[in-house]
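Colleague: The structure under discussion is supplied below as structure tokens; questions concerning it will follow.
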Amino acid sequence: MKKWDKKFQYDVKEGILQGQGARKLGEDICFTIAVPDGKDCSLLLYKKGKEEVEISIPMEGSVRYGDLRSLKVEQLPAEKYEYNYLIDGQIVTDPYAGHVAGRECFGEPVKEGGLRGRIVSETYDWQGDGPLLIPYEEGIVYAAHVRGFTRHASSRVKAKGTFAGMQEKIPYLKELGINQLELMPVYEFSELASMESSERMKYAPLGPAESRVNYWGYTPQAYYFAPKAAYAATGDPVREFKDLVRELHRNGIEVILEFYFPKGTRASLILDCVRYWVMEYHIDGIHINRDGSPVEALAQDPLLSHTKIFSESFALDEIYEEKAVPAFRNLAEYNDGFMLAARRFLKGDEGQLADFTWRARRSPSRHGVINYMASHNGFTLMDLVSYDEKHNEANGEDNRDGTDFNYSWNCGEEGPSRRKRLLQLRSRQLRNAFVLLLLSQGTPLLYAGDERGNSQSGNNNAWCQDNELSWIQWKTGKLESGILEYVKSLIAFRKAHPIFHQSRELRMMDYLSCGCPDVSYHGRRAWFGDFENYSRSVGVLYAGDYMEKDSQGKGGDDYFYIAYNMHWMPHETALPALPGERTWRTALDTGREGITGIYPEGQEPVLEEQRMVTVPERTILVLIGK
């Protein structure tokens, strides 16, 4: 190949096929793109900041293998140029671009041809950073939207709504007890595209959506290899996101990224994308939709064997040999099962006890389980106890969008209230919800803002709400502080007692011959759980003898008994006899008013009655045997 213009001083040569995109090879830049047979393609180079094309370089004479075409521009200064392709007369931005320019302001329209690829050439000093490899049983996940997390003025960060703003909040996450951060789409997407084109949206808007902002980022119009420019305060999303990952890792927090791939997305692009983020950005895991994604292929990729993969389900027999158990559990089931069972149990519906207790003890040997009570798609936890019905009028769809099945209860009055008894009941239901989540086996996931009582005014489908309705409001009133302190204490309580996050699934058997099973269920009679359809209460005994001790005798755990009563009436539950000289004491009482309802270690009061306990209505008691 040759120079295509005398004014262009850089030689053009045949490229080297080493993957798609623009890659720096020594002092040269190699451009590779897939172009189907019968279509013309030219590389368009622009001087950074200039609208006109400096040079158009036809790719007909470039290296070709299959549909891939590749050329190399020697000595091209990457920092001075941007690029696109012209394919059959249409300007196309490289789908493999590692940095996309032109969409730096969130929600502002981009004129045709206004997007351009930038060449990522700068090396980054990771300072010895690497994956944290936190086991699922040790994980506490926090799901957040980068922009919404700090966009509100009350966040008090300098770089609001950005990667840098999230980095400013790392001390908050660490103090809360979080060690895994899941982020909604952070790659470059079109926030002005209609959600009607997204097959992931089960309850898509029914009317025209062209004028609304796609705040969430689930859209087929995406550049999956490029961090979102509008989420960067510095103008350099690549470096700013790497800084965020490195600082999160320094503070013991993993990074999980959510990707949405619509049906029809090439499997090769998906595989390339995930590998790229793992290698280039050191992410610890992905959350990926099963519908339209090659989940099993990702699970079998040797490069990703230590990368966490969240999805709705997996065909495990296609991934592992018969009865084979992976040395490192990197797969995790992420679906609504726990949420629906826990919400209905919390609400007091009939017939939910068996399903909830099964889900609360799940921790399969082949994969993890992600449990959550709320997510972006549905009510927040505060709205779960404040609204009977969705209130999505602000979305402009006459309240027709969003699911009608929230399994919520407003505790007696729809929306905000000043009634003291009602507010106390809502507060108790919130405390119950956090116990259901954080004292179950598996990996708990908190939706950002729930730990502060964040509300979306009953909107359960805030996909187009880039405003105070969906942004976290960092209030520090008595209510918000009380909920926050409670969640902090409960997370610390879970971490202090490994019996609530075991590495193996509970068997409901006495396989150590210590006198009782690892977990057992109790009703009005000890050892006999009341699982009738009408039952809304149960006692669950966790035997501390099943927690392993080291050679010095350290480790292990106490006996615990969780007495759940989601009925609107008090219930008596029998207490099994404890081995040795132990006695039952109250460690946690969700009906106890105050900041946390959790008693400090060593100050748990002894129960007066050791054979039976009365659990007030809509209350959970956690007893410790000492």
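Read-outs: derived from the displayed coordinates by stated rules, not from any lab. Bear in mind the structure is a predicted one, so any value in this text is a computation, not a measurement. Cβ coordinates were reconstructed from backbone atoms using ideal geometry, including for glycine residues, and neighbour counts include every protein chain displayed.
Colleague: Each label point is 7 Å from the Cα along the Cα-to-Cβ direction; what then is the distance between the points at GLU108 and GLU79, in nm?
Modeller: 2.5 nm
Colleague: Right, here's the next one. Taking the Cα centre of the chain as origin and charging only Cβ (+1 Lys, Arg; -1 Asp, Glu), how large is the dipole, in debye to the nearest 20?
Modeller: Magnitude of the dipole: close to 1140 debye.
Colleague: GLU312 to GLN221: extension gain in nm, 0.36 nm per residue of separation minus the Cα-Cα distance?
Modeller: Taking GLU312 through GLN221 to full extension adds about 30.5 nm, to one decimal.
Colleague: Which percentage, to the nearest 5, of the DSSP beta bridges contained in region 140-334 is antiparallel?
Modeller: Once the DSSP bridges in region 140-334 are tallied, antiparallel ones form about 15 percent.
Colleague: Sticking with this structure for a sec: Using +1 at the C-beta of Lys and Arg and -1 at the C-beta of Asp and Glu, which of TYR224, PRO185, GLY66 has the Cα lying farthest in the positive direction of the dipole of the chain?
Modeller: Towards the positive end, the residue furthest out is PRO185.
Colleague: Note down the nm distance, to one decimal, between modelled labels 7 Å out along Cα→Cβ at GLU296 and at ILE91.
Modeller: With each label point 7 Å from Cα toward Cβ, the separation is 4.3 nm.
Colleague: Answer rounded, prolate or oblate for region 140-334, using the Cα gyration tensor with square roots of eigenvalues a ≥ b ≥ c: rounded when a/c is under 1.5, else prolate when a/b is larger than b/c, else oblate.
Modeller: Verdict is oblate for region 140-334.
Colleague: Here is a follow-up. What FRET efficiency would be calculated for the residue pair TYR511, TYR124, taking the C-beta separation as r and a Förster radius of 45 Å, to the nearest 0.05?
Modeller: 0.35
Colleague: Counting only residues 5 or more places away or on other chains, whose amide H sits under 5 Å from the amide H of GLU182 once H atoms are built in the peptide plane?
Modeller: TYR142, ALA143, ALA144, ILE256
Colleague: Moving to a separate point now. Quick one: what are the phi-derived ³J(HN,Hα) couplings along region 468-473, Karplus 6.51/-1.76/1.60 with θ = phi - 60°, whole Hz, x for glycine and proline?
Modeller: 5, 5, 10, 6, 5, 9
Colleague: Compute the helix-to-body angle for 478-496: its Cα long axis versus the longest principal axis of the chain, expressed 0 to 90° and rounded to tens.
Modeller: 80 degrees
Colleague: Right, something else. So what is the calculated 222 nm ellipticity per residue for the chain, using -39500 (n - 2.57) for each DSSP H run with n of 4 or more, over all residues, to the nearest 500 deg cm²/dmol?
Modeller: Computed ellipticity for the chain at 222 nm equals -5500 deg cm²/dmol.
Colleague: Something else about it: Note the angle between two axes, namely the Cα long axis of helix 420-438 and the longest principal axis of the Cα atoms of the chain, as a number of degrees from 0 to 90, rounded to the nearest 10.
Modeller: 70 degrees
Colleague: If each residue of separation counts as 0.36 nm, what is the full-extension length gain between PHE405 and ASN467 once their alpha-carbon separation is subtracted?
Modeller: Taking 0.36 nm per residue and subtracting the Cα distance, the gain is 19.8 nm.
Colleague: Another question, if that's okay. When only Cα pairs under 8 Å and 6 or more residues apart are kept, what is the percent relative contact order across the chain?
Modeller: Value for the chain: 10 percent.
Colleague: Got a sec? Charge dipole of the chain, +1 on Cβ for Lys and Arg, -1 for Asp and Glu; which of GLN603, SER457, HIS287 is way out at the positive end?
Modeller: GLN603
Colleague: Rank by packing, highest mean first: peptides 183-189, 569-575, with packing defined as the count of other Cβ atoms within 10 Å averaged across residues.
Modeller: 183-189, 569-575
Colleague: Please report the antiparallel percentage of the DSSP beta bridges confined to the chain, to the nearest 5.
Modeller: 75 percent
Colleague: Explain nothing, just the number: dipole magnitude of region 519-625 about its Cα centre with +1 on each Lys and Arg Cβ and -1 on each Asp and Glu Cβ, in debye rounded to the nearest 20.
Modeller: With only Lys, Arg, Asp and Glu charged at Cβ, the dipole is about 200 debye.
Colleague: Compare the peptides 122-134, 432-444, 69-81 by average per-residue count of other Cβ atoms within 10 angstrom and give them in order, highest first.
Modeller: The peptides rank, most packed first, as 432-444, 69-81, 122-134.
Colleague: Determine the relative contact order of region 140-334: mean sequence separation of Cα pairs under 8 Å and six or more apart, normalised by residue count, in whole percent.
Modeller: 17 percent
Colleague: Could I ask something else about it? If you fit an axis through the alpha-carbon atoms of helix 267-281 and take the longest principal axis of the Cα set of the chain, what angle between them do you get, 0 to 90°, nearest 10?
Modeller: 80 degrees
Colleague: Between their Cα atoms, which of LYS242/LYS488; LYS169/LYS228; LYS111/LYS242; LYS24/LYS48 are more than 22 Å away from each other? Mind showing how you got there, number by number?
Modeller: Details: LYS242/LYS488 28 Å; LYS169/LYS228 19 Å; LYS111/LYS242 29 Å; LYS24/LYS48 17 Å.
Over 22 Å Cα-Cα: LYS242/LYS488; LYS111/LYS242.
Colleague: What residues qualify as long-range amide H neighbours of VAL92, i.e. H under 5 Å apart, gap of 5 or more or another chain, H built at 1.01 Å from N?
Modeller: TYR85, LEU86, ILE87
Colleague: Lys/Arg Cβ at +1, Asp/Glu Cβ at -1, dipole of the chain taken about the Cα centre: which of GLN127, LEU437, VAL487 is farthest positive-ward?
Modeller: Of the listed residues, the answer is VAL487.
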